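Notes follow once the structure below has been shown.
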Amino acid sequence: GTGTYEPGNIFARILRGEIPCNKVFENDYVFAFHDISPKAPVHVLIIPKKPYVSFIDFSKTASAEEIAAIMQATGHIAASLDLEEGGYRVITNAGHNAGQEVPHFHLHLMGGKALPAFPG
Ligand code: 5GP
């Protein structure tokens, strides 16, 4: 979640088309795809196309347009996957304490079942 961006990370490789993914949504700023190891019936990862390591990096560096775009895309995807009625969760992990595995900023969108209580 900290440090300089590593262009070899798995999401950078997905963005470059070097490895496949199950795409959900794409526009000029945002790319979204199904998580390879879903923790809920719907588990989508939503990422900026530009290289940001974490939430802080994104919030400090991205343009207002990019920041708006990821929020709007997330809402659009949640609605388009029929999550509004049943409910859903949006989270980001940053750095060691949150268990961030992939150092390219991403939002997790989860729904389709009752999710475990969070923050608990
Ligand atoms: P983090 O722990 O960094 O917040 O979440 C990383 C997420 O990326 C995990 O939920 C993991 O299952 C997912 N993931 C890791 N590698 C791949 C991959 O190659 N393809 C896809 N679609 N998801 C991946």
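I56 to E85: extension gain in nm, 0.36 nm per residue of separation minus the Cα-Cα distance?
Taking 0.36 nm per residue and subtracting the Cα distance, the gain is 7.3 nm.
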Would you list, by chain and number, the aspartates and glutamates whose Cα falls below 16 Å from the Cα of K49, excluding same-chain residues fewer than 8 positions away? E6, E18, E26, D28, D57, E65, E66
Under 29 Å Cα to Cα from K50, which lysines show up? Leave out anything in the same chain fewer than 8 places away. K23, K39, K60
The ratio Rg/Rh over the Cα atoms of the chain, Rh being the Kirkwood inverse mean 1/r radius, stands at 0.94
Using only Cα atoms, find the angle between the long axis of helix 64-80 and the longest principal axis of the chain, and express it within 0 to 90 degrees, rounded to the nearest 10. 30 degrees
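A short reminder: the numbers here are calculations on the coordinates, not readings from a lab. All figures in this text were calculated on a predicted structure; none of them were measured in a lab.
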